[in-house]
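*Asks:* Quick one: the structure is below, questions incoming.
The values are calculated or read from the model by the stated rules, or taken from the named source; none is laboratory data. Computed from a prediction, not measured in an experiment: that's the story for all the values here. A quick note on method: Cβ atoms are made from the backbone with ideal geometry, for glycine too, and the neighbour counts reach across all protein chains shown.
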Amino acid sequence: MKATNKRRTKCFTGCWTCRSRRVKCDEATPRCLRCRQFGVQCEGYGMRLSWVQYDPREHETDHNNDSGDEQELELEQNQAQITQSRASRRALVASAVPYLSSPELDLSLRQIDDWCFGESSGIQHGGFTVFPVDLAGRGQAALPSPGPTVIAAFDDGDVMSDTGFQPLDDFEKASKSLPDDSSIGQAQELDQQISSEAVLPVARALLRLGSESENLLQVPAHHQRQQQGHSPPRHLDALSMPGNQKRLIHHWVTFTSRKLVLLDEPHNPCRTMMLPMALKGLVSSSESSNADVAIFHALCASSAYNLFELGGRTNEQDRALALHHDQQAIHHLRHNLTRADEHQDESFAMAIMACIAVEAISGTTQRWRTHVSGGLAYLARLQTRGLDEAVISPFRSHMLSMAILCDIPVPADLKSFLNNDGLREGLEFTFPYYGISRSFLQAHNRMSEYSATTTTSTKTTALEKELDAFELQLYLDFPGLPPQGQTAPANNMHSTVIHHMAKTFYYAGLVFFLRSIRGTPVDAVQSLVELGISELESIEQVGNGELGCMMLWPVLVLGAESGTPDIQQRMRAWFQGQRKLGFRNLVVLEDLIATVWEATADSASSADERNVDWRNFIVQARFDINRGEKLRRQYIEHKIEQCRHEARSPRIYKLAALLAFGASCTLGQQVYISADGPSNRPNCKSCNSTTPIYHFTEFSFTQTETYRTATSRPVPSTTASYAPHFSALSTLVPNLSRTTWGNWDPNATAQATDSANPYGNAAWTALWQAANVSNFTEVPLYTTTVSPTALPTSELILPPADYFGPTDCYTFPDDFVFGVAGSASQIEGAAAMEGKSPSLMEILPGAEGKSKSYVTNENYYLYKQDIERLASMGVKYYSFSIAWTRILPFALPGTPVNQEGLDHYSDLIDFVLDKGMVPTVTMFHFDTPLQFFGGNNSQAADDALIGYVNGGYQNETFTDSFVNYGKILLTHYADRVPIWFTFNEPFIYCDNGKSVNNVIKAHAQLYHFYHEDIQGTGKLGIKFNDNFGVPKNPKNQSDLDATNHFNDFQLATFCNPIFLGIDYPEAFKITVPDYVPLTADDLAYIGNTSDFLGIDPYTATVVSQPPEGVEACAKNSSSPSFPYCVTQETQNIFGWNIGYRSQSYVYITPTYLRTYLSYLYNTFKKPVLVSEFGFPVFAESEKVAVEDQRFDSPRSQYYLSFMTEILKSIHEDGVNVMGALAWSFADNWEFGDYTQQFGLQYVNRTSQERRFKKSFFDLVDFVATRMGSS
């Protein structure tokens, strides 16, 4: 059914990417599916923090400007209360409130703004920009006043928070009186909006939580007391779900607090300090905020995240609680930032530490650094105030050690912490260090300085001597045993654990220095790595698996530098043992280390074998749990400089712009950057600017020219097998009857006499008569298979090369699939010969009066010569399709198989293998048997709702019939064919929603049959069309939305269920009212049923919003833009064509191809096989001279530019591009047309002679020079 207009509600719990794009988020974890679907980086669900200065004068201005809006908020039943609350708040705001300010803090603020990707742009500077601040002078920071007292149920406009209920509309108006952080979102809205209309999992979970133990639909008791004139309620009274908080605090006391530290000792501050502070905050007035309340919510958030992880990340209720309390913790922390100068105890510092604990347990990346950097700024401020050393010492020691280990810049006046006076001996034996000695911190700080200033080119003799002396000190600084009294009395286990931990840091420090500073090969440090890992294992053994989490810096270093399978397996086992803690940052760290190992393995054939630097991976945002600011800064500056000097493609300029502005991703696929002056000359290292010297020499016509010939495929020595032979599989297709038929001649006078046989010659002839084909001209040159002849050398000489060409140095992977393609109906001919029955191609609508598929290239009889020619050119893979109507003339299950058809394709496959090539087979390429039009072939001419042509896929017998046909092919040929496509571009010939359903389910059945029933070891997939949509104006949100809709409608309709196991996209559902819903069982069966994603990316399409809008168009099938419901163009925003134009719809658009491949791979998570791509040169068929047609430089430009971008996608973007198949190996029938010549060979339509074109040589030579002998 068509979508109806629904009231749109803001989403406050979706991922940050969807919220910034203002689109609905599905809230899938750990990354939302919508982001994966569109190939954008999902920024997750955590809070975004930026520790920035706040100016109370701005806040005052905002209040004054919005006074008119405030008057609209006053409700009759509590007007006096609201007015008084606001007046009090204005008075407090107007007072002079000091806020944090120091040079070190300013520097920290700038760094946070610089390096918090995606958060700095457009952020208003107001201390801790997450939520609006309400200053309260030197007293407590006032929270927004509670709204009207009661509601009886969660109606559309109602919201809930820990402070009570209030109508959403009124709250939004009240929010106008607060500073606007539109780039990130309003905190109170996020904290409070949980309505029945919300469909997100977190909201639903919170509603369920409330109904489990408390009745949330009743008036909270504290409101009743407030109405009766009692004292202001406490935060404890304001809890709407105390049963859940009780459970979370119980878990904190009994588990989380014990596991946050390596050794759970009696003085564990996670209990001895945080719990009393949390209680203090909970019993304070709910009308004010304080750091102790932040601690309470941080403890709850930590426990909820911990329970969520321990429960296998499946309990949405725990996740909902975690997000809710996480928001509240940051909400209160931020409210108290502006009065940080007033804190005289450890509460504010401990609140920061509690929030860092939340980040560790949740595995939230990037946010933890904001807490540490902000904590350093706060610590610097405390020192200037001269507070009691006992107050700041624990906070300072913990914060600075964390900053030093993670290379976060430490203000100069705090560096005194590293000298002998600031650090006491035996530091490694005390909480929270446990293994981190004073000398280690001093050494690590020095190593960080070396790392920031030392490169290979700067290593002088003096520096080498200095490094040698420093290395000697590192070796000699072996950890000693704990002195008496440094550990808990009579606790020998604690002493042993700490000593092992200290040795772990010792070995990790040596490895870090040798690899990162000295550049020592990874093999040379394996003995130290193994010793360090032995210490980690000893810790687990001594602690009997009951210890908590340790400082993870040594784990990162030792794991990343593990260079042998045995050591790597030990690290995996160690991480496996740590999963019992339920801390997400351990999972992120394990993922990082595994990524480093994979990169190391992938580089095994390069000169840098086994010397991959893990620091090149830790700069990635998804691994940002333990990385240094200096390293990140160096990496980004390096990338910017590289982009300036290596203008490889527009993508490089895009990357440079993004890095320079600190953005992690863009909304559009193309960014326009204004520039003037001439283009760069990146290949010119130096230019001779001197005046030229002219001179005469003796002239000669002598010129040396080298000619080369194509290299043929080698004769195979062995033949691989990918499945059992048919003799072993015949029981999977029982009761097959086989027969043969003759040729159909419309002018024949003799008639068949077997009319009683429903599948005899008479019935077969009747199929052709009922087809009523027009202009049937089956007058072939050949009626039997032609024996191949070897090609003369003269035909294989390469043509003159184009002057300009690719200059890359990349190579294709050894298993890269490169070949050429064709399809049965477009090349075979013999349409009515040897038992083939008519298909949709013989009556193709829209091709009336044009050439049909009756003769085409006569490949059916010339296939051996065609294959001989391809092998002579060195082509390895030959991709072809099988005609369904040649295998099963009557199409349906139970009907006889055409033995001549089976034998033909079997012989074709064998000949491909004999020539040293590899066959790939498409089961179905548009040629639908006419039986699926129910005897009414005119249905094929009906307008299709979705595709260009009604392909008959919606027939109720189609799925079973296609599966039966596919099983026949697989059982007969799967032993020799390693790559299969079930459908070619199904979208184009889908009529309606039933068509899509039948295609998806038929494909899934054959996938399971191939891998489960016949145990095929090859690959089976499906291939799609999609002229990749790019927004006309990347800065226009409507164009971006239209582009997403365009790509979703064509691709995600099939790819969501097949590759991701998720439902159809909204673009499909709102456009196709008769779509067949997919059940959970359907998706479980269909999901992950393709070994690769086949795509035919011929060109790009410029997309913009249609005049009436996407949604209006989707509801109006008569719209000119229907069903895509976008405006499709071929010009960019400046009026230029997006590329060189061809004879058809194809333009040369290689720069978009790379973006497209990245989108496909990162969205649908499978290797990408470019199953077709080609270019019909403009007016090529009109050229009279054959040699003019053969010298097809535009086609060469198309192929070489596309292949170059594929190489970049593989090597620079990390995209697994499985292969590329050029379309087509010869000029062929393009569905009623011979003027659109896609072929790599010229074909004489009279003599069937083939001649190689220049582009064929150029393409094969390009690949051959970039591949091995395969």
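*Asks:* Looking for something within 15 Å of Phe1256 (Cβ to Cβ), assigned by TED's automatic domain parsing to the domain that holds Ser1171, out of contact with any Leu (no Cβ under 8 Å at 6 or more places or on another chain) and not in a loop (DSSP other than H, G, I, E, B) - is there at least one such residue anywhere in the stretch 870-878?
*Replies:* Checking the stretch 870-878: at least one residue is within 15 Å of Phe1256 (Cβ to Cβ), assigned by TED's automatic domain parsing to the domain that holds Ser1171, out of contact with any Leu (no Cβ under 8 Å at 6 or more places or on another chain) and not in a loop (DSSP other than H, G, I, E, B).
*Asks:* Could you pull out the residue among Leu556, Leu581, Leu552 that is more than 21 Å from Tyr506 (Cα to Cα), in the same structural domain as His500 (by TED's automatic domain parsing) and either of a type in the set (A, V, I, L, M) or modelled with pLDDT of 85 or more (or both)?
*Replies:* From the options Leu556, Leu581, Leu552, the qualifying one is Leu581.
*Asks:* I'd like to check which strands (runs of 3 or more DSSP E) are fully inside the stretch 969-1049 and have at least 3 residues that are closer than 30 Å to Asp815 by Cβ.
*Replies:* Once the strands (runs of 3 or more DSSP E) in the stretch 969-1049 are filtered for at least 3 residues that are closer than 30 Å to Asp815 by Cβ, what remains is 979-984, 1019-1025.
*Asks:* For the stretch 861-913, name all the residues that are hydroxyl-bearing (Ser, Thr, Tyr) and within 30 Å of Thr959 (Cα to Cα).
*Replies:* Those that are hydroxyl-bearing (Ser, Thr, Tyr) and within 30 Å of Thr959 (Cα to Cα): Tyr877, Tyr878, Ser879, Ser881, Thr885, Thr895, Tyr905, Ser906.
*Asks:* Then there is this: What are the residues in the stretch 925-949 that are assigned to a loop (DSSP other than H, G, I, E, B), free of Cβ contacts under 8 Å to residues at least 60 places away in the same chain and farther than 22 Å from Phe1046 by Cβ, if any?
*Replies:* Across the stretch 925-949, the qualifying residues are Gly934, Asn936, Asp942.
*Asks:* Examine the stretch 1162-1170 for a residue that is in the same structural domain as Asn1047 (by TED's automatic domain parsing), closer than 26 Å to Pro1106 by Cβ and either at pLDDT below 95 or in a loop (DSSP other than H, G, I, E, B) (or both), and state whether such a residue exists.
*Replies:* Scanning the stretch 1162-1170 turns up at least one residue that is in the same structural domain as Asn1047 (by TED's automatic domain parsing), closer than 26 Å to Pro1106 by Cβ and either at pLDDT below 95 or in a loop (DSSP other than H, G, I, E, B) (or both).
Conditions tested, residue by residue: (1) within 44 Å of the chain's Cα centre (by Cα); (2) assigned to a loop (DSSP other than H, G, I, E, B); (3) surrounded by 12 or more Cβ atoms within 10 Å (Cβ to Cβ).
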{"site": "Ala762", "(1), (2), (3)": "no, no, yes"}
{"site": "Val773", "(1), (2), (3)": "no, yes, yes"}
{"site": "Pro788", "(1), (2), (3)": "no, yes, yes"}
{"site": "Tyr803", "(1), (2), (3)": "yes, yes, no"}
{"site": "Pro806", "(1), (2), (3)": "yes, yes, yes"}
{"site": "Phe812", "(1), (2), (3)": "yes, yes, yes"}
{"site": "Phe818", "(1), (2), (3)": "yes, no, yes"}
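*Asks:* Next question. Could you grab me the full set of residues in the stretch 1182-1206 that are outside any helix (DSSP H, G or I) and in contact (Cβ under 8 Å) with a residue 60 or more places away in the chain?
*Replies:* Phe1191, Asp1192
*Asks:* Can I ask one more? Exactly one condition in (1) surrounded by fewer than 19 Cβ atoms within 10 Å (Cβ to Cβ); (2) at pLDDT 85 or above; (3) touching a His at 6+ places or on another chain (Cβ under 8 Å) is not met by Pro276; state its number.
*Replies:* All conditions are met except number (3).
*Asks:* Looking at the stretch 1073-1124, which of its residues are in contact with a Lys or Arg (Cβ under 6 Å, 6 or more places away or on another chain) and not in a loop (DSSP other than H, G, I, E, B)?
*Replies:* Hits for the stretch 1073-1124 are Leu1093, Gly1094, Val1102, Ser1104.
*Asks:* In the stretch 726-763, what residues are within 24 Å of Gly829 (Cα to Cα), touching a residue at least 40 places away in the same chain (Cβ under 8 Å) and in contact with a helix residue (DSSP H, G or I) (Cβ under 9 Å, 6 or more places away or on another chain)?
*Replies:* Once the filter is applied, which keeps residues that are within 24 Å of Gly829 (Cα to Cα), touching a residue at least 40 places away in the same chain (Cβ under 8 Å) and in contact with a helix residue (DSSP H, G or I) (Cβ under 9 Å, 6 or more places away or on another chain), the stretch 726-763 yields Arg738, Thr739, Thr740, Trp741, Gly742, Trp744.
*Asks:* Among (1) in contact with an Asp or Glu (Cβ under 8 Å, 6 or more places away or on another chain); (2) over 30 Å from His499 (Cβ atoms), which single condition is Met273 missing?
*Replies:* The single condition Met273 does not satisfy is (2).
*Asks:* So Ser347 clears everything in (1) surrounded by fewer than 24 Cβ atoms within 10 Å (Cβ to Cβ); (2) more than 23 Å from Tyr305 (Cβ to Cβ); (3) modelled with pLDDT of 70 or more except one condition, right? Which one?
*Replies:* Looking at each condition in turn, Ser347 falls short on (2).
*Asks:* Taking the residues in the stretch 1207-1231 that are in a helix (DSSP H, G or I) and in contact with a Pro (Cβ under 9 Å, 6 or more places away or on another chain) as candidates, determine which candidate is nearest to Phe804 (Cα to Cα).
*Replies:* In this case the residue turns out to be Leu1207.
*Asks:* Just checking, how many residues over the stretch 906-958 are hydroxyl-bearing (Ser, Thr, Tyr), over 23 Å from Asp1074 (Cβ atoms) and surrounded by fewer than 23 Cβ atoms within 10 Å (Cβ to Cβ)?
*Replies:* Residues meeting the conditions: 1.
*Asks:* Restricting attention to the stretch 845-865, does a residue exist that is small (Gly, Ala, Ser), closer than 16 Å to Asn1228 by Cα and touching a strand residue (DSSP E or B) at 6+ places or on another chain (Cβ under 7 Å)?
*Replies:* Within the stretch 845-865, not a single residue is small (Gly, Ala, Ser), closer than 16 Å to Asn1228 by Cα and touching a strand residue (DSSP E or B) at 6+ places or on another chain (Cβ under 7 Å).
*Asks:* Hey, among Phe1059, Phe1068, Phe1024, Phe1054, which residue is in the same structural domain as Leu1160 (by TED's automatic domain parsing), at pLDDT 95 or above and under 18 Å from Tyr1152 (Cβ atoms)?
*Replies:* From the options Phe1059, Phe1068, Phe1024, Phe1054, the qualifying one is Phe1024.
*Asks:* Another question about this same structure. Out of the residues in the stretch 1051-1063 meeting the condition of being surrounded by fewer than 24 Cβ atoms within 10 Å (Cβ to Cβ) and not hydrophobic (A, V, I, L, M, F, W, C), tell me which one is nearest to Thr1163 (Cα to Cα).
*Replies:* Gly1061
*Asks:* Pick from the stretch 242-280 the residues that are among the aliphatic types (A, V, I, L, M) and in a helix (DSSP H, G or I): which of them is farthest from Leu333 (Cα to Cα)?
*Replies:* The qualifying residue farthest from Leu333 (Cα to Cα) is Val253.
*Asks:* Determine, yes or no, whether Leu260 is among the hydrophobic types (A, V, I, L, M, F, W, C), crowded, with 19+ Cβ neighbours inside 10 Å and more than 40 Å from the chain's Cα centre (by Cα).
*Replies:* When the stated conditions are applied, Leu260 does not pass them.
*Asks:* Oh, and also: Any idea which of (1) touching a residue at least 24 places away in the same chain (Cβ under 8 Å); (2) over 21 Å from Tyr1147 (Cα atoms) is the one Thr1265 doesn't satisfy?
*Replies:* The number of the failed condition is (1).
*Asks:* Answer yes if at least one residue in the stretch 1143-1153 is under 30 Å from Asn1088 (Cβ atoms) and touching a residue at least 40 places away in the same chain (Cβ under 8 Å), and no otherwise.
*Replies:* For the stretch 1143-1153, residues under 30 Å from Asn1088 (Cβ atoms) and touching a residue at least 40 places away in the same chain (Cβ under 8 Å): present.
*Asks:* Here's another thing I want to ask about it. Using the structure shown, decide if Ala752 is over 28 Å from Glu868 (Cβ atoms), more than 49 Å from the chain's Cα centre (by Cα) and outside any helix (DSSP H, G or I).
*Replies:* yes
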